[in-house]
Amino acid sequence: MSRIGKQPIKVPSGVELKIVGSSVSVKGPKGNLQREMHPNMKIEFQDSEVRVLRSTDDRLDRSLHGLTRSLINNMVVGVTEGYSKQLNIVGVGYKVALKGKDLLLNLGHSHEINYPAPDGIEFEVDPKKNTIVIKGVNKEVVGQTSAEIRGFRPPEPYKGKGVMYSTERIRRKAGKAAGKG
């Protein structure tokens, strides 16, 4: 048995969970999420607990067991608490600003980057500290959005400039050694 897959998911009060076939929809105070799960997984909801069961011990079913449980748990956590990631922008002249719901980034390129907010994502910007907080109910979309923004100017190891996660540490490298001889 999967150690993760056999754990029940507690559904807090105020969260409405519906299972129709292999489709799971979760509605909570922060928003709604809906996802189609693999048909091999059996999802049972009773007494404010969700359990994920597998029909066989095939390799595919074993690999899907823990994954399905984690996906449903992430949906429940997302609609109750939400997810957020913080990005720091480091570098001389690097700036970030909010333009409506979109991000306006100056990252040393010849042009400004206008990044439109995806559905369900909200940005908070602190221009003094050059930080961006990305918030949303869907863990995957929050992670993908932060990765795309980081991809515009990944941190580099020589000067430490770029867009980085707040928890990320950049391993610094020494530059070229001056005149060996």
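What to note about this one:
- Its relative contact order, with pairs defined as Cα atoms under 8 Å and 6+ residues apart, puts the chain at 17 percent.
- Selection among Y165, N130, G91 by position relative to the dipole of the chain gives G91 as farthest towards the positive end (Cβ unit charges, Cα centre).
- Average accessible surface area per residue within the chain, 1.4 Å rolling probe, Å²: 63 Å²
- Solvent-accessible surface of protein heavy atoms, probed at 1.4 angstrom with all chains present, puts S166, S110 in the order S110, S166, largest first.
- Gaussian network model of the chain, Cα within-10 Å springs - most flexible of Y115, Y83, Y158: Y158
- Using a Förster distance of 41 Å, the FRET efficiency for L53-Q144 (Cβ separation, nearest 0.05): 0.85
- Counting only Cβ charges, +1 for Lys and Arg and -1 for Asp and Glu, the dipole size of the stretch 89-181 around its Cα centre is about 780 debye.
- Overall form of the stretch 1-92 per C-alpha gyration tensor (a/c, 1.5; a/b vs b/c): oblate
- Taking all protein chains together, R51, R35, R59 sort by accessible area into R59, R51, R35, largest first [probe 1.4 Å].
- Per-residue extension of 0.36 nm, minus the Cα-Cα distance of K10 and E81, leaves a gain of 24.2 nm for this segment.
- Counting only residues at least eight positions apart within a chain, or on another chain, the aspartates and glutamates with an alpha carbon under 12 Å from that of K139 are E81.
- Average 1/r across all pairs of distinct alpha carbons in the chain, invert it, and you get the Kirkwood radius: 19.1 Å.
- The GluC sites (Glu not before Pro) of the stretch 1-103 meeting both criteria, a DSSP state outside H, G, I, E and B (loop) and at most 14 other C-beta atoms within 10 angstrom of the site's C-beta, are E81.
The values are calculated or read from the model by the stated rules, or taken from the named source; none is laboratory data. Every value quoted in this text rests on a predicted model; they were computed, and no experiment measured them. Glycine also receives a Cβ, built like all others from the backbone with ideal geometry; neighbour counts cover every protein chain displayed. Ligands, DNA and RNA are excluded from the accessible area calculation, which covers all protein heavy atoms including side chains. Shrake-Rupley method; radii C 1.70, N 1.55, O 1.52, S 1.80 Å.
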